[in-house]
1. Mind checking whether some residue in the stretch 69-86 is of a type in the set (D, E), closer than 27 Å to S148 by Cα and either at pLDDT 95 or above or in contact with a Cys (Cβ under 6 Å, 6 or more places away or on another chain) (or both)?
2. List, please: which pairs have Cβ atoms under 9 Å, are six or more places apart or on different chains, and start with a residue in the stretch 22-49 that is within 13 Å of V73 (Cα to Cα) and end with one that is part of a helix (DSSP H, G or I) and of a type in the set (S, T, N, Q)?
3. Among the residues of the stretch 23-80, write down those that are in contact with an Asp or Glu (Cβ under 7 Å, 6 or more places away or on another chain) and more than 24 Å from E138 (Cβ to Cβ).
4. Does A95 satisfy being of a type in the set (G, A, S), in contact (Cβ under 8 Å) with a residue 24 or more places away in the chain and either assigned to a helix (DSSP H, G or I) or on the phi > 0 side of the Ramachandran plot (or both)?
5. Would you please name the residue that is surrounded by the most Cβ atoms within 10 Å (Cβ to Cβ), looking only at residues in the stretch 50-102 that are polar (S, T, N, Q), touching a strand residue (DSSP E or B) at 6+ places or on another chain (Cβ under 8 Å) and farther than 16 Å from M1 by Cβ?
6. If a residue must be under 20 Å from S146 (Cβ atoms), surrounded by 13 or more Cβ atoms within 10 Å (Cβ to Cβ) and either in contact (Cβ under 8 Å) with a residue 24 or more places away in the chain or among the polar types (S, T, N, Q) (or both), how many such residues does the stretch 104-125 contain?
7. Could you give every pair whose Cβ atoms fall below 7 Å, whose first residue belongs to the stretch 72-83 and is under 20 Å from I103 (Cα atoms), and whose second residue is at pLDDT 90 or above and polar (S, T, N, Q), counting only separations of at least 6 or pairs across chains?
8. Filter the stretch 126-148 down to the residues that are hydroxyl-bearing (S, T, Y) and in contact (Cβ under 8 Å) with a residue 24 or more places away in the chain and list them by number.
Amino acid sequence: MRVRAAVPGDIPAMRRLAVGSPEAAQWDSRAWEEVFTAGAAPRVALVSDENDGVLGFVMARALGSEWELENIVVAASVRRRGIARQLVQHLMERARTQEAEAIHLEVRASNQAARTLYADCGFTETGRREAYYAQPAEDAVLYKFSFSSPNK
């Protein structure tokens, strides 16, 4: 298994993974098309793959020194193998080399697996957005990883 930069040809597999994961951010076609479009918001897209194809991906917007982890998905059939952790760690290393100061994200309050992953990777809870998500309505829990924090 390896983590690499996503290429436009990975988009169909990434979309299938997202659709198969209801807790993931569900983007419309236009948002997917913009991932590799010149002039669009700068994004970092990484995939984890094996011989069988794309197993997972992480997507982040690079907004100068502040980054936002927008989406992370791992195929249900290969969860609990550390793929999400590898994707987050590679994203963090990419952000560090591009002199990011922080990575922000929000996650459904009920998504305990993701919340545990983020805490284990050094993210700290910074707040909540009440009823941020729809279908079903649910709070978003906000997290931040700061590169300037001690022990990071």
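The values are calculated or read from the model by the stated rules, or taken from the named source; none is laboratory data. All values derive from a computational prediction rather than experimental measurement. Heads up, the Cβs are rebuilt from the backbone with ideal geometry, glycines too, and the neighbour counts pull from every protein chain shown.
1. So in the stretch 69-86, the residues of a type in the set (D, E) come out as 70.
Okay, now just the ones that are also closer than 27 Å to S148 by Cα, so 70.
If we keep only those that are either at pLDDT 95 or above or in contact with a Cys (Cβ under 6 Å, 6 or more places away or on another chain) (or both) as well, we get none.
The answer is no, given that none of the residues of the stretch 69-86 is of a type in the set (D, E), closer than 27 Å to S148 by Cα and either at pLDDT 95 or above or in contact with a Cys (Cβ under 6 Å, 6 or more places away or on another chain) (or both).
2. Matching pairs, first to second residue: S48/Q86.
3. A40, V47, V54, L55, S65, E66
4. yes
5. The extreme case among them is N71.
6. Taking the stretch 104-125 first, the residues under 20 Å from S146 (Cβ atoms) are 104-107, 114-125.
Next, only the ones that are surrounded by 13 or more Cβ atoms within 10 Å (Cβ to Cβ) stay: 104-107, 114-115, 117-118, 121-123, 125.
Adding the requirement that they be either in contact (Cβ under 8 Å) with a residue 24 or more places away in the chain or among the polar types (S, T, N, Q) (or both) leaves 104-107, 114-115, 117-118, 121-122.
Number of matching residues: 10.
7. Partner pairs satisfying both residue conditions: I83/S48.
8. Residues of the stretch 126-148 that are hydroxyl-bearing (S, T, Y), as a first pass: 126, 132-133, 143, 146, 148.
Once the filter is applied, which keeps residues that are hydroxyl-bearing (S, T, Y) and in contact (Cβ under 8 Å) with a residue 24 or more places away in the chain, the stretch 126-148 yields Y132, Y133, Y143, S146, S148.
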